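What follows is a single structure, written as structure tokens, with notes after it.
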Amino acid sequence: MVSEAPPFWWQAPGIQSSLLSPFAWVYGRVARRILDHRVRKQVPLPVICVGNFTVGGSGKTPTALALAEAAIARGLKPGFLSRGYGGGVRHATVVDPSHDTARLVGDEPMLLAARALTVVSANRIQGAELLVREGADLIIMDDGFQSARLVFDQALLVVDARRGIGNGCVFPAGPVRAPVIDQVRHGDALIVVGEGDGANPMIRMAARAAKPIHLARFQPLNAGRFKDRNCLAFAAIGDPDKFFTTLEDTGVRLVQRRGFPDHHHFTSDEIEDLLAQSELYGLDLITTSKDYVRLQSGHGRALDLLEKTAVLEIELAFDNPHVPGAIIDAAIAAFKRRQVGV
């Protein structure tokens with residue numbers, strides 16, 4: 001997969017997606033076969049997978065964090081399992097947020113590890129086994145739905161209400177990781193994040209399949225400190241525009257905005273430009289928590305940018321606040337049934 005989605009993925013299907021459709025057909029057939037027939041490993045813990053339909057961000061990590069909060073409130077010890085995209089570790093590793101960096105373990109695991117036990121592993125079976133040894137009561141996977149390596153007790157599909165699934169085409173003709181109908185078939189619930197009608201086709205599909213549909217939105221936690229300030233916002237996430245819109249909704253005056261590919265490590269020239277523009281026009285610098293932990297991996301001028309940059313802190317709030325707890329309970333119940341072979 002790629003970290004920077006081509007623009008045509010998020011436009012109506014056209015000549016580019018048509019030319020790539022033969023490759024998409026093959027990719028979709030393989031993805032369907034994996035979902036339907038791959039032999040999945042069972043681990044002696046409940047497993048919740050937080051996935052999405054498409055390449056890129058949709059709110060998986062905030063969803064995983066919300067589930068962990070619900071698990072902790074129930075007296076459980078949740079453990080996050082992440083591939084560690086963008087990091088450099090080659091074996092299953094417990095993330096130590098006091099010593100590790102985003103360059104080593106990935107940016108999202110650094111955010112997860114600040115809240116609960118976190119393991120990064122390209123091999124999700126080995127990662128799950130390490131979480132078992134580390135004493136976790138529950139595994140929350142951040143991504144990994146399409147790889148189908150583990151038996152899931154709850155498989156959640158997160159979709160952005162504004163962007164939806166782009167042009168609806170399977171990779172590489174579009175951003176979809178596997179045929180949508182097959183993903184819905186293997187999912188247990190749909191989580192729609194934000195506002196908009198981009199997710200309506202998935203909502204209708206999930207409703208026809210009698211799958212629960214949960215609504216959620218990003219809730220800024222420290223928005224007041226940025227109100228009426230002139231800012232330069234920058235973000236290297238799956239959908240930078242979502243971050244910029246959230247800022248504007250809080251009353252921030254965005255004089256400049258800079259979007260970069262997801263998981264991007266800022267170059268020295270980019271850092272110098274951000275600092276120069278901030279100083280020249282008297283703009284406050286603001287970014288996401290994910291970008292902030294990535295900057296902590298840098299040195300020199302990266303640390304200067306870090307010192308001058310504020311973070312908009314957000315959390316995922318469900319319209320029904322009981323949903324995360326209900327998902328935890330459903331996963332535990334499914335695990336118990338699995339244990340007795342029911």
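A short reminder: the numbers here are calculations on the coordinates, not readings from a lab. Everything numeric in this text was worked out from a predicted model, so none of it was measured. Please note: Cβ atoms are built from the backbone with ideal geometry, for glycine as well, and neighbour counts cover all protein chains shown.
Annotations
- C-alpha long axis of helix 240-249 to longest principal axis of the chain, angle in °: 70 degrees
- Rounded to whole numbers, the Karplus 3J(HN,Hα) couplings from phi for region 229-238 are 9, 7, 10, 10, 9, 9, 7, 10, 10, x Hz, using 6.51 cos²θ - 1.76 cosθ + 1.60 with θ = phi - 60°, and x at Gly and Pro.
- Per-pair calculated FRET efficiency, R0 = 56 Å: Gln126 and Glu279 via Cβ, rounded to 0.05: 0.75
- In this structure, the amide hydrogen of Phe260, modeled 1.01 Å from its nitrogen in the peptide plane, lies closer than 5 angstrom to those of Ala235, Ala236, Ile237, counting only residues at least 5 positions away or on a different chain.
- For region 209-220, putting each phi into the Karplus relation 6.51 cos²θ - 1.76 cosθ + 1.60 with θ = phi - 60° gives couplings of 8, 6, 8, x, 10, 10, 9, 8, 8, 6, 10, x Hz, in residue order, rounded to whole numbers and with x for Gly and Pro.
- Per residue, the convex hull spanned by the Cα atoms of the chain measures out at 140 cubic angstrom.
- Nearest-ten-degree value, helix 323-340 long axis tilted from longest Cα axis of the chain: 30 degrees
- Considering only Gly75, Gly298, Gly194, the mean-square fluctuation computed in a Gaussian network model of the chain, springs between alpha carbons under 10 angstrom, is largest for Gly75.
- Projected label points at His299 and Thr245, each 7 Å from Cα along the beta carbon direction, are separated by 4.0 nanometres.
- Whole-angstrom gap from region 107-140 to region 206-249, using each part's C-alpha centre: 26 Å
- Extending 7 Å from Cα along the Cβ direction at Asp228 and again at Arg133 yields two label points whose distance is 5.7 nm.
- Among beta bridges identified by DSSP and lying wholly in the chain, the antiparallel ones come to about 15 percent.
- Förster-model FRET efficiency, 45 Å R0, Ser18 and Leu254, C-beta, rounded to 0.05: 0.80
- Here the 3J(HN,Hα) profile of region 10-20, calculated from phi with Karplus coefficients 6.51, -1.76 and 1.60 at θ = phi - 60°, is 9, 10, 4, x, x, 5, 5, 5, 5, 5, 8 Hz, Gly and Pro shown as x.
- Note on the chain: GNM, Cα springs under 10 Å; of His299, His99, His263, the largest mean-square fluctuation is that of His99.
- Modelled spin-label separation between Trp25 and Ala326, with each label point placed 7 Å from Cα along the Cα-to-Cβ direction: 4.2 nm.
- Per the Kirkwood formula applied to alpha carbons, region 222-312 shows a radius of gyration over Rh ratio, Rg over Rh, of 0.93.
- Compared with the dominant principal axis of the Cα atoms in the chain, helix 21-37 is inclined by about 50°.
- Amide H contacts under 5 Å for Phe266: none, restricted to partners 5 or more places along the chain or on a different chain, H placed in the peptide plane at 1.01 Å from N.
- Under a 5 Å amide H cut-off, with hydrogens placed 1.01 Å from N, Gly106 pairs with Gly87, Gly88 among residues at least 5 apart or on other chains.
- Gained length - Glu313 relative to Asp269, 0.36 nm times residue gap less alpha-carbon distance: 13.2 nm
- Dipole magnitude of region 245-329, debye to nearest 20 (Cβ charges: Lys/Arg +1, Asp/Glu -1, about Cα centre): 120 debye
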